[in-house]
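A short reminder: the numbers here are calculations on the coordinates, not readings from a lab. In this text the structure is predicted, and so the values were computed from the model without any measurement. Glycine gets a Cβ as well: all are built from the backbone with ideal geometry, and neighbour counts include every protein chain shown.
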């Protein structure tokens, strides 16, 4: 099976090898995504706002872990990763009020 080599873009160091999925596995994931979208699109605006409101404290609680993950995956400095999290929190705040 083929795989992708994931490297830290800053250092070039190999982080991991990621295997491609089979067409069958990919098709199952697409079906689940399609099913989830069908459920989500039936939700009303207020319910979607409540979901976004609930997301903000989850992000705040895991801020350090998320920033480390962003740094690991992208090679960005931790300060930039934290800035991305701050932007996401502001977007949660905005869209929970203006959805």
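In segment 36-50, what count of residues is obtained for those that are over 19 Å from the mean Cα position of the chain (by Cα) and surrounded by 10 or more Cβ atoms within 10 Å (Cβ to Cβ)? Walk me through how you get there before you give the answer.
Going through segment 36-50, the residues over 19 Å from the mean Cα position of the chain (by Cα) turn out to be 38-39, 41-47.
Next, from what is left, pick out any that are surrounded by 10 or more Cβ atoms within 10 Å (Cβ to Cβ): 43, 47.
Selection size over segment 36-50: 2.
Inside segment 22-46, can you point out the residues that are under 24 Å from residue 98 (Cβ atoms) and not in a helix (DSSP H, G or I)?
Residues satisfying the conditions are 41, 42, 43, 44.
For segment 1-12, what are the residues that are exposed (fewer than 10 other Cβ atoms within 10 Å of the Cβ), in contact with a strand residue (DSSP E or B) (Cβ under 7 Å, 6 or more places away or on another chain) and assigned to a loop (DSSP other than H, G, I, E, B)?
Hit for segment 1-12 is 1, nothing else.
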